[in-house]
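For reference, the structure discussed in these notes is given below.
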Amino acid sequence: MNNLLGTKFRIITGYQGGAPIRLAMEKGEIHGWSGQADGWRMIDHPWLRDGNLVHLAQLASKPAAELKGVPMLSSFAREPEELSILKTIESGVADRAVVVAPGVPAERTKALAKAFQDALRDPQFRKEASAAKFEIEPIAGETIQAFVASVASLPPATIARMKKAMEID
């Protein structure tokens, strides 16, 4: 966000996981965190329960129902190329991909994809996930493949700008 949108966040590194980061926030060592809302929800943190967290933007493939009024990161884009980059970053699709190696026979790939989707829809699995406060929102393999194709078709200049913004060599 600093490199693309010009925000002035000071990035603090070195915390090993969510619990130390939340503790640092409670102690006033840091003032915010760019992380998944699931972590707060899973531990039922009082700040979340009491409405004391201020959400600045959402980075997800679709707006979260519980974050009504919180803008998507892409809404801050000032021009089409920024919008393309931010939509790619906020998609949430790539971090949900489960893949097989190249060369796996198509029928086996199809069977694995079906078995995986069936497991995610299994009532017992969903019950246990719900009890652990995990949100299960399966994304079809075709959707992930379409996302990969859209990223692969970005112009080289856009990819270079995205890599620079994300500080990827």
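No lab work stands behind these numbers, since they all come straight from the coordinates. Computed from a predicted structure; not experimentally measured. Cβ coordinates were reconstructed from backbone atoms using ideal geometry, including for glycine residues, and neighbour counts include every protein chain displayed.
Figures for the structure shown
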item	result
Counted charge near residue 150, where neighbours are those whose Cβ lies closer than 15 Å (Asp, Glu -1; Lys, Arg +1)	-2
Candidate aspartates and glutamates for bridging to residue 68, where Cα separation is under 17 Å - those fewer than 8 sequence places away on the same chain excluded	38, 50, 90
R0 of 25 Å, Cβ-Cβ distance residue 78-residue 145: FRET efficiency to nearest 0.05	0.25
Linear extension gain, residue 31 paired with residue 135, 0.36 nm per residue minus alpha-carbon span	34.8 nm
Qualifying aspartates and glutamates (Cα of each under 16 Å from Cα of residue 114; at least 8 residues distant if same chain)	122, 137, 142
Using a Förster distance of 30 Å, the FRET efficiency for residue 114-residue 66 (Cβ separation, nearest 0.05)	0.45
Under 10 Å, Cβ to Cβ, from residue 120 - net charge with Lys/Arg +1 and Asp/Glu -1	-1
Whole-angstrom Cα spans of region 2-165 along principal axes, big to small	54, 46, 32
